[in-house]
C-alpha cells in the first residue's frame, strides 16, 4: 500500500465553545433545524441603504443602522417605535417586524397584516404606502421597475405597465413555451425574459417542444391516478428548438432574432448593449464544443457580426453573459476557461481581446460589479485555496489584483454602490459566522457581529478538513466527523456521504467544513462520517472537471476509493463496516460503488440515482458523455444495469415518484434487473415528491436512511 500524504488544513482541537455538552440531537432537529434555529445566526436584510454607505439590518424586531466608516451603530428603530406611529394613524399595531425595504437614508417601507407602510425616521411618522405590489400568484415575474413587469400565463408572455396588461404572445401551449427558462436550466440560464437597460424592450425565449418525446409523470393523489405528461429530451433523441424574440414597448411589435444554424443549437447568455440597439447571444452547437458570441440588431433581428468564437476538444460551457464596463460601452468583460481556469478577459466591442485580467491555477467564481468610475471590477475567487472564497478587485487598465477580505475561510460580500465599503459575512471550519465592515481604501476591517455556536449545548463529534492524494498526485479535499465520545482504541463504522458530480463542492472551509447536522446525528450513533470531492467537481480548473468526459463514474470512483484507502489506514476504522450514501449524482455514485466494487462497502443508500445515462436529459448528458450513438463504450461501461448481478452488500434505493429530473424509470429499471437476476434489493418510493424529498417528509426520509445503516451496518 502506498503511503498517504495528509495535509491538515485546519489543525488543533475545537474551540472552547465546542466542548461537548449533554444534549443529543433528535432526527427532527438534525434534519429540519440545521438551516434555521440550529444554524449560525444571520442578520436579516443586511445591506447598504440605497445611495449611501450606511448599513442597516433587522434583528429581534429592531432595525439597526451602522456607520460604515466606524463600523458602529448610529441609530436603531424598534417595533415599539413603529407601533406608536401606527397608532397615530389609527392602524392596528404589529406583532413582528418583517419585509423592510429602504427607500432612502431617511425612510423605509415595512409590512404588517394591515398592509404596507412608509416610515420617516426624521419625522417619526408612518403613512400608508402608495407602492403597487406584484400579485403573488403570477408565474415567472420579471419586474424591472415599480409598476412595470413581465410574467407568464398559460405559456404566454404578458406585460403589466402601470395598471395596463398587454399580451405579447398568443401561441403558448403544451408544446410552445414562451418566457420561461430553456435548455433545462443549463448554461447559467435561470429565466426566460430579459429587459433592456432602459426597459424599452423585452427579450424573451420561445421554446418549441413539439419534437420532444412525451414522458409520463403519474399523479397518485387523484382518484383514479392521472397521467400528466412532460416533455423530457433524452440523450441522443430529438431536442426542443429555441428562438429569441424582442418586444418593443413603444412600437408594440415583436422582432424575431434571426439565429441561423441547426434548430437544436443552444441560445445562451443573453446580454443587451447599454444603448439598447444590440442584443448578444452565446450560441453553442448541440455537440457543445463550439461557441459563437453573436451580435444582433434589435430592430431588424439580423446578425451584425460574430465577436469571437471559442472551441474545446471536449466541451464548452459558458455560464455568464458579457458584462459591459461601467461608463464605457465600448468595452466588456467575458469569462472563459480557455487557459484552463475560469478567468476574466477584457474585450473591445469589435471582439478584440484587450487583455486577460486574471490568471493562475485558481478560479473566478463570480463578478460583483464595478466601482463608481468603472475602473475596478470586484469579484469572488478561490485564489488562496480551492475550498476558500474571497472578494478581490482587479484594475482594468493594469490587471492588478487586490484581495479585499482577510481570514482563512469563506467570504460572502455586499458592496456599497461606490465600491468603497464592503459588508463581509465570514465563516470557516470552526467559525460559525462573523460580520465586518471593510474599508476598501484603507483595508481596515471592523467586526460588528459574531454569531454564537448554535450547537454548543449538544454532544458533538469533532471534525476536521484535510487533503489526501489521488493516484495522479492531486489533492483531494476531505471532511471527517468523528463519533461523539470518540475513543481511538475502538473500531468504528464509517458512512461515506458523497456527490462528486459536476457543479458541486461538498467540502468547503465553512462552518463544520460544509457539513450538515445530520452528520452530527450519525456521530451520536457512533459513526465516522467522511466526504471527499474528487475529479469532476467544481472550482479546480478545466482539466480537473473534464477528466470525467465520456466516462461518468469512472475517475470519480477512483478518487473515492483513494478515500477508502485512507479510511482503512486509520486504526480506529472498522474496514468491514463501510457504508455509502448519496443523492442524484451521489445516488449514481453510491450504486456504482456498491456494484462495481462490491467488496468495499457493506451497505449503501442511493437516492434518486441515474442508472443509465441514455435516459438522462440531452443538455447535461451529452455534454459529459456525448450522444449514446457516439460513445457506446462509455455508456455501456457506466450503465448500472450491466452491474446489478455483482451486488453483494445491502442496498436501499429511494426515488421520488414525481421526479422530473432523474425520472423514476431509472430505479424501476434497476429494480426489474435485480428481480431478473435474483438479486435482493431494498426499495422505497416517496409519492408526491420530485427530485428530492423536501418539506415535512424530509425527516421521514433521513430517519429511514439512518435506520437502514443502524440495522445493516
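Here are some notes:
- Relative contact order of the range 306-453, pairs being alpha-carbon contacts under 8 Å that are 6 or more residues apart, as %: 12 percent
- Relative contact order of the chain: 10 percent, from C-alpha pairs under 8 Å at least 6 residues apart in sequence.
- From most to least packed by mean Cβ count within 10 Å, the peptides 202-209, 468-475, 667-674 give 202-209, 667-674, 468-475.
- Once C-alpha pairs closer than 8 Å and six or more residues apart are averaged by separation and normalised to the residue number of the range 135-321, the relative contact order reads 14 percent.
- The range 169-248 versus the range 85-159: alpha-carbon centroid distance in Å: 31 Å
- Subtracting the Cα-Cα distance of residue 632 and residue 400 from their residue separation scaled by 0.36 nm leaves 78.8 nm.
- Over all Cα atoms in the range 444-502, the spread is summed up by Rg and Dmax: 17.0, 49 Å.
- Projected area averaged over orientations for the chain, convex hull of C-alpha atoms, nm²: 33.5 nm²
- Tail weight of P(r) past 21 Å, computed on alpha-carbon pairs of the range 135-321, percent: 53 percent
- Expected 222 nm ellipticity per residue - DSSP helices of 4 or more, -39500 (n - 2.57), all of the chain, to 500: -4000 deg cm²/dmol
- Cα-based radius of gyration of the range 87-155 once divided by 2.2 N^0.38 Å, which approximates compact folds: 1.34
- Rounded, prolate or oblate (a/c below 1.5 giving rounded, otherwise prolate when a/b exceeds b/c) for the range 41-190 by Cα gyration tensor: prolate
- Spacing of the two label points (7 Å from each Cα toward its C-beta) at residue 408 and residue 485, in nm: 3.3 nm
- Highest mean first, the peptides 567-576, 276-285 sorted by other C-beta atoms within 10 Å per residue fall in the order 276-285, 567-576.
- Shape of the range 384-494, Cα gyration tensor, a/c cut at 1.5: oblate
- Mean Cβ neighbour count within 10 Å, used as a protection proxy, ranking 217-227, 404-414, 648-658 highest first: 648-658, 404-414, 217-227
- Potential extension, residue 41-residue 171 segment - 0.36 nm per residue separation minus Cα distance: 42.0 nm
- Classified by the C-alpha gyration tensor, the range 590-713 has an oblate form. Its axis ratio a/c, with a ≥ b ≥ c, is 1.5 or above, and a/b does not exceed b/c.
- You can think of it this way: the chain between residue 642 and residue 237 has 143.6 nm of extra reach, that is 0.36 nm per residue less the Cα-Cα gap.
- The range 465-536-the range 336-354 distance, computed between alpha-carbon centres (Å): 37 Å
Laboratory data are not the source of any read-out in this text; all were calculated from the coordinates shown. Every value quoted in this text rests on a predicted model; they were computed, and no experiment measured them. Here the Cβ is made from the backbone with ideal geometry for all residues, glycine too, and neighbour counts use every protein chain on show.
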